[in-house]
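Read-outs: derived from the displayed coordinates by stated rules, not from any lab. None of these values were measured; they are calculated from a predicted model. We place every Cβ from the backbone using ideal geometry, glycine too, and count neighbours over all the protein chains shown.
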Amino acid sequence: MTQLPLTGTKVIDFTGVQAGPACTQMLAWFGADVLKVERTNGGDVTRNQLRDIPDADALYFTMLNSNKRSLAINTKSPEGREVMEKLIREADVLVENFAPGAMDRMGLSWEHIHELNPRLVFGSVKGFAEDSPWSDLKVYENVAQCAGGAASTTGFWDGPPTVSAAAIGDSNTGMHLLIGVLTALIARDRTGRGQKVSVSMQDAVLNLCRVKLRDQQRLEHVGYLEEYPQYPDGKFTDVVPRGGNAGGGGQPGWVLKCKGWETDPNAYIYFTVQEQNWPRTAEAVGHPEWADDPEYDTAAARQPHIFEIFGEIEKWLADKTKYEAVDILREFGVPCAPVLSMKEIADDPALRADGTVVEVDQKGRGTYLTVGSPVKFSDFTPDIKGAPMLGENTDEVLAGLGYDADTIHRMRAENIVL
Ligand code: CAO
């Protein structure tokens, strides 16, 4: 097998929950030796959260910590901290996402880490940036979605701000950090010097809400947003409204009902009206006459009665399943897809075949499904393995640092390690 790109890169994974672990898990998939450093009393909290099998680590943990090793150690004890410092001297990367100030309180500030190992790249996730007035807040997924502009612009106009099921606060921040860490590693290869890479969850969410900041400025210039359902009959205020399922770009779209929607909550497709494809779109849905009708033949003409058009398309969809509808529409170049449930995704042979959905063997659990690498490489395919038991690698890690068996035994008896 080809050597993986990050083989030989040593990563200290001082992370918990989702944002940090998502970043380090991907480093591990790409070949880094990722050592998860965890508390002795239970480890990462996700080991215990939302368990589906008594006594087996929760899926929340296994799905974010595959391909890693685990060292369980009390890093607040003097000996535990000494172990951390030894690890830091040998590592290429340290990633952490503790509550603000926790690293400093542990005696492991960036300045100290940088002094111990000037080559080390230090990756840090916090809810808010260091200079934010909210920098002292602890933050989880939905808090970040609200602070990053996603919640105020998601949902329907007559409902409250709404969070997305997609982990744009957590895993997305981890992916931003991954980009930063890899960039800093490339820089280090040139300069010999590591640096601190910080990503705030608020910033990472906002980065995905770029088009909503675009809309805020358009609104200020013209007073309306023509692709939103509020146009032209509804009212606009001075803030970007929630647009339901409207398309975010210049191409109107909506979630449309298909055969069976009365009983199947996911019997829908997403349908996009692509400006340059209008005549074929009209033909596809049984209304070829729309192609030359002045009420329909331009985007501006259609927009005032776009929901009437969607209503007509739903009539055409009424006797077609979402799969049948997409099979017809693809022939006419209509951008569309079925709304897929998690069950359909789990069973999808194509997602299995390309390694996006993978079955993993996990000690104490048997097999389970996880999401493999969404990034595909021509030279290798990440091999997704199980996650470590808490402290599974404590002995080998300490031995590697020169601790003898008696000392390890004593440290275990004193609850310094597990
Ligand atoms: N040995 C000894 N102590 C340890 C340890 C170890 N191996 N690992 C962690 N700790 C300590 C920390 O030093 C900290 O101690 P102090 O509070 O006394 O300084 C304590 O454990 C708790 O740390 P924590 O960060 O896990 O704190 P929390 O449970 O109160 O907060 C969270 C969790 C996620 C809200 C917070 O970490 C946070 O805001 N992180 C930044 C943003 C983030 O990543 N959010 C999570 C995204 S995923 O949903």
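A few points about this structure:
- Kirkwood-type radius of segment 171-238, with distances r between different C-alpha atoms, in Å: 15.0 Å
- Between segment 215-248 and segment 1-40, the alpha-carbon center distance in angstrom: 43 Å
- Extension gain (nm, one decimal) between residue 263 and residue 183, 0.36 nm per residue minus Cα-Cα: 23.9 nm
- Residue among 224, 195, 240 farthest towards the positive dipole end of segment 192-240, charges placed on Cβ: 195
- At full extension, residue 140 and residue 112 could sit 7.3 nm farther apart than now, given 0.36 nm per residue minus the alpha carbon distance.
- Pairwise Cα inverse-distance average, inverted: Kirkwood Rh of segment 117-253 (Å): 16.7 Å
- Annotation: amide H of residue 123 within the under-5 Å range of 94, 95, 96, 197, sequence separation 5 or more or interchain, hydrogens built in the peptide plane.
- Helix 210-222 vs. the chain, principal-axis angle (Cα, 0 to 90°, nearest 10): 40 degrees
- Acute angle (nearest 10 degrees) that the helix 19-29 long axis makes with the longest principal axis of the chain, alpha-carbon atoms: 80 degrees
- At R0 = 25 Å, FRET efficiency that the Cβ-Cβ distance of residue 277 and residue 218 yields, to 0.05: 0.55
- Taking the chain as a Gaussian network of alpha-carbon nodes connected by springs under 10 Å, the highest mean-square fluctuation of the residues 370, 263, 183 belongs to 263.
- Remark: segment 175-180, residue by residue, has Karplus-estimated 3J(HN,Hα) of 5, 4, 5, 4, 4, x Hz, where x stands for each Gly or Pro and the curve is 6.51 cos²θ - 1.76 cosθ + 1.60 at θ = phi - 60°.
- Taking 137, 329, 390 and counting other C-beta atoms within 10 Å, the order from fewest to most: 137, 390, 329
- Set of lysines near residue 315 by C-alpha distance (under 23 Å), chain-local residues within fewer than 8 positions excluded: 257, 259
- The simple Förster model, with R0 at 30 Å and r as the Cβ-Cβ distance, assigns residue 104 and residue 166 a FRET efficiency of 0.40.
- For the chain: relative contact order, % (alpha-carbon pairs under 8 angstrom, 6 or more apart): 18 percent
- Bridges between two residues of the chain, per DSSP, are antiparallel at a rate of about 40%.
- With 22 Å as the limit on Cα-Cα distance, the pairs of 212/235; 322/376; 363/385; 322/343 that go past it are 322/376.
- 10 Å binning of all Cα-Cα separations within the chain, expressed as whole percents from 0 upward: 4, 18, 25, 22, 16, 10, 4, 1, 0
- Rg then Dmax, both in Å and based on the Cα atoms of segment 1-151: 15.9, 50.
- Here residue 86 is the anchor, and the lysines within straight C-alpha reach of less than 24 Å, apart from those fewer than 8 places off in the same chain, are 10, 36, 68, 76, 196.
- Cα long-axis angle, helix 306-317 against the chain (0 to 90 degrees, to the nearest 10): 90 degrees
- Two-site FRET efficiency, residue 226 against residue 321, from Cβ-Cβ distance with R₀ of 41 Å, rounded to 0.05: 0.80
- The alpha carbons of segment 250-375 give a radius of gyration and a Dmax of 18.5, 66 Å, in that order.
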